[in-house]
1. Hey, with R₀ at 35 Å, roughly what FRET efficiency would residue A:443 and residue A:48 work out to, going by the Cβ-Cβ distance, to 0.05?
2. Average partner chain C-beta neighbours within 10 Å, per residue of A:301-309?
3. Could you work out, residue by residue across C:146-156, how many beta carbons of other chains sit within 10 Å of that residue's beta carbon, and then give the average as an integer?
4. Taking the Cβ of each residue in B:83, B:107, A:282, A:131 as the centre, tally the other Cβ atoms inside 10 Å and list the residues starting with the fewest.
5. Using just the alpha carbons, could you tell me how many Å³ per residue the convex hull of the protein assembly as shown encloses?
6. As a footprinting exposure proxy, order B:135, C:54, A:222, B:76 by other Cβ within 10 Å, with the fewest listed first.
7. Rounded to a whole number, what is D in µm²/s for the range C:2-115 from Stokes-Einstein with the Kirkwood radius over alpha-carbon pairs (20 °C, 1.002 mPa s)?
8. Spin-label point model (7 Å from Cα, Cβ direction): what's the residue A:120 to residue C:97 distance in nm?
């Protein structure tokens, strides 16, 4: 990713905002998910209790990760599951390729995995002659459109059905101009059915890895993970170290909140538990760090690893809804994307793509304190001398200025005067981003302090 | 150093103080479990057949067969017109699969299906339409109860199925029938 | 009670009428009100930008203005500044004197709801008002249950205003979505901030209310700028102005 101005969040967001009707359309689609989530969460009286248990269960697991990872590995081995460990994305990709190459795999069907996106696995495998077919409908759409996902649960949420129709017409031969979602979905079903039946291997992400069972849980609505993993004889599952849960009892808590918070469904259509390969098959689990242990070294950032990737924070985020998933200089957008991605953001801008409104933290089913984490990222950036938007130049001045009553009173007095006597047309060019979009404040005659001295002094 | 050791070493520098495992003690909603189950099954686009049991189901299956459909049954007492195939791939033309579920979950309409007796794990996914059979008395209140009862022996694969496969990836429009079954009918016994 | 006013720089310089209304209404309720001198910025513009070093001097200066001041409560008519002051005082000074100041800090609505409720109003307020549920007051000061949270609801802001005779209270669509001000966010992320502000201003106007009423002057200033740019038929008011008019 480049450090050029073009990748700075505010710049990309400004471009996105130029088409206001599209912003409204995008915002509305995501807000609908938030509304469905509110109804689903509100329908079970124990919702807040489940959030609290979810949070504590994840905190417990993250603070006992060594034990649970080792327990998970030992139980997997007993279940004839092969376990691999990868320090980073490069090692993950290398391991996956080695397994596939050993089995002479030419074609892999893959269900949604934000981890493989994070590791940029698809291009790595494709460069080595292996075709990777994303099978989640949204993922397939953006794969055909050669775009990154713009959302972690609904990856093609930024595309209109007409655009999907044109894409499918070009790539899958659907009727020109056809944009009916049912028609397009059926066409994708047919297209991907053929891929499932001819694949040499399947890959999935992992929603939860159950330590005491040595099993992985994969949740989908479409059934694509299970169609994939249960046809070819080779199945691979990639998971971050943060996906571990102690037992089935813990998994139940997450299964109760995940889909409700994501889309407002009471549960995903399929919550599948793989505790070993099919007869005559081979099952591999790749456990990946890729920066997670670094985050655990900072107790504020560490809490981001409680995330269960429901996407609820994206749907509620007023900035995400109005700037789109591609405006964040990281694979994962929105509040959780900032929380886990700001340290990798070489534009140093995504930590500021947030008003600190706190809605995300209250939506979160495991109480990830997203606004606090984002605030903390800003502090880390400032300490590292990596401030965006000219802040490193003006903030010290603001600090000095604000700490001096005399300077503050004096210059604000002048500003009030200027607002009073200068015509708006003259002021607007000087008032920058404020006056570009909003009317300037109406200037009062005096400060409160001056009024107080005069009237109560 | 192996990557595993590298990761476990890095975990030694983790900053958070150890946190205790919370007690998971959530009050179940136990009134009218079948009614709750049916209401939630409907919200996930499934259909419940409360009455008639296996007799009703066999009659339905017979109708499908009479119309030339390919039906495989893994439920004792229900006969279809297809047997378990040598390979999973040969199931790709199955129109209806009749499969036993172990338990239903009232709070979300899900049914636990352990695939150990299915011949091929892919059966409930690859069929065009799915018919699940559960005992009414197997319906539990919530996922806490379901996960404490579900069977998943070492090496096995099981899945909670809540309705037919679906997607809303194109403009949030719900389409039933993505990659898995396009319909789900549940028969109570 | 003896009340020390905490008047944040934005209120002092840009909306003194909010400070005046706060002072007058507290006096009408029989409180003795003082204004400790030497108040500066709470440091929020700096700390929200990650610049803690730059915030330290102004924060400690503000804290010093209140240290040793004899009073029962320190009341502030700006929720966001109050939250920042609490957090920043705590960040830079953990002395018992600082703790004593923090323990007395109240946002105006919170004070009128929790500490010294208004016994009666002398006039009615026969108007429809649309409540501006600003983020920091709702989600950090607990003035109301955030819409994201399930279970029992409370709303101190509405409770204080609903007691006024003949008042009609309504809410904008997406009632507690952020207005997009966010301090330097309004400048750094001008386009998104403006779109959020525009949506919020329109949502308030769409209720048909005469006033959009809030407890956070910074959000109100932002919404006011949007209302006037969009020429919407609504005006912004601070809760202190409404209460002062009917006491």
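1. 0.15
2. 1
3. Mean shielding count: 5.
4. In order of increasing Cβ crowding within 10 Å: B:83, A:131, A:282, B:107.
5. Each residue corresponds to 172 Å³ of Cα convex hull volume.
6. Listing B:135, C:54, A:222, B:76 from fewest to most nearby Cβ atoms yields B:76, B:135, C:54, A:222.
7. The calculation lands on 153 µm²/s.
8. Calculated label separation equals 5.5 nm.
Readers should treat all values here as calculations from the given coordinates under stated rules, not as data from a laboratory. These figures come from a predicted structure and were not determined experimentally. Positions of Cβ are generated from backbone atoms using ideal geometry, with glycine treated the same way; all protein chains shown enter the neighbour counts.
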